[in-house]
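Everything below concerns the one structure shown next.
The values are calculated or read from the model by the stated rules, or taken from the named source; none is laboratory data. Because the structure is predicted, anything quoted here is derived from the model rather than measured. Don't worry about glycine lacking a Cβ; one is built from the backbone with ideal geometry, like all the others, and counts go over all protein chains shown.
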Amino acid sequence: MQLKNPTLYGLSEDQRTLRFAVAVCPTCDQLNFPADLYGCLNCGASGDLLQRRWLAGDGVLRNFVTVHKALRPNQGAPAVVAEIELTGGLMVDAIVDAIETPLRTGMRMQAVPVQEKHGDTTLLACHFIVQETHP
Ligand SMILES: [Zn+2]
């Protein structure tokens with residue numbers, strides 16, 4: 001199945017979680033995301049110098065809001081839109097599938113592939129879920 005935004009994320013080796021495509025700047029260590037750009041967002045180093053890497057799709061919930069009306073087609077409502085700080089240090093905005101779960105900032109989150117219908121095509125979109133805790 002195809003990814004909805006293959007330039008932003010990819011399937012992890014276990015196929016059940018997602019990881020993010022970033023471009024690391026060798027000059028200033030800036031994590032650039034999205035990775036398909038002409039140069040470093042911080043120091044302007046040329047895009048050819050940036051090192052493409054995968055950043056694990058796990059992190060911490062920093063902020064969230066429940067929207068009761070769909071902001072985009074295929075999103076569905078109500079939905080939780082969240083700001084998640086990945087363990088690797090990148091902030092991402094994403095949909096959290098947790099309508100039934102009481103969310104708290106600081107919770108561990110995991111990016112997972114979710115099937116979304118776009119006309120006749122089903123694409124894998126990036127959503128986050130509350131990470132299971134392993135005591
Ligand atoms: Zn840089």
All but one of (1) at positive phi; (2) within 16 Å of the ligand (Cβ to nearest atom) hold for Asn32, so report the exception by its number. (1)
Failed criterion for Lys117 (all others in (1) over 27 Å from Leu41 (Cβ atoms); (2) without any contact (Cβ under 8 Å) to a residue 40 or more places away in the chain; (3) surrounded by fewer than 19 Cβ atoms within 10 Å (Cβ to Cβ) hold): (2)
Looking at the stretch 89-98, can you tell me whether even one residue there is within 16 Å of the ligand (Cβ to nearest atom) and surrounded by 13 or more Cβ atoms within 10 Å (Cβ to Cβ)? yes
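Please determine, by comparing only the residues of the stretch 35-47 that are of a type in the set (Gly, Ala, Ser) and within 9 Å of the ligand (Cβ to nearest atom), which one is surrounded by the fewest Cβ atoms within 10 Å (Cβ to Cβ).
At the first step, the residues of the stretch 35-47 found to be of a type in the set (Gly, Ala, Ser) are 35, 39, 44-47.
Okay, now just the ones that are also within 9 Å of the ligand (Cβ to nearest atom), so 39, 44-45.
Working: Gly39: 16, Gly44: 11, Ala45: 18.
Only one residue fits best here, namely Gly44.
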Among the basic types (Lys, Arg) and either within 16 Å of the ligand (Cβ to nearest atom) or in contact (Cβ under 8 Å) with a residue 40 or more places away in the chain (or both): does that describe Arg72? no
Among the residues of the stretch 6-21, is any in contact with a strand residue (DSSP E or B) (Cβ under 8 Å, 6 or more places away or on another chain), within 13 Å of the ligand (Cβ to nearest atom), free of Cβ contacts under 8 Å to residues at least 60 places away in the same chain and closer than 29 Å to Thr121 by Cβ? no
Tell me yes or no: at least one residue of the stretch 81-89 is more than 28 Å from Lys117 (Cα to Cα) and of a type in the set (Ser, Thr, Tyr). yes
Are there any pairs with C-beta distances below 8 angstrom linking a residue in the stretch 47-59 that is without any contact (Cβ under 8 Å) to a residue 40 or more places away in the chain to a residue that is within 14 Å of the ligand (Cβ to nearest atom) and polar (S, T, N, Q), with the two at least 6 apart or on different chains, and if so which? Leu49/Thr27; Leu50/Asn32
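Just to confirm my filter: which strands (runs of 3 or more DSSP E) fall fully inside the stretch 1-116 and include at least 1 residues that are at pLDDT 95 or above, of a type in the set (Ser, Thr, Tyr) and under 18 Å from Phe128 (Cα atoms)?
9-11
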Here's a check for you: in the stretch 48-69, which residue that is surrounded by fewer than 15 Cβ atoms within 10 Å (Cβ to Cβ) and within 16 Å of the ligand (Cβ to nearest atom) is nearest to Cys126 (Cα to Cα)? Arg53
In this structure, does Val81 turn out to be under 20 Å from Lys4 (Cα atoms), of a type in the set (A, V, I, L, M), surrounded by 11 or more Cβ atoms within 10 Å (Cβ to Cβ) and within 14 Å of the ligand (Cβ to nearest atom)? no
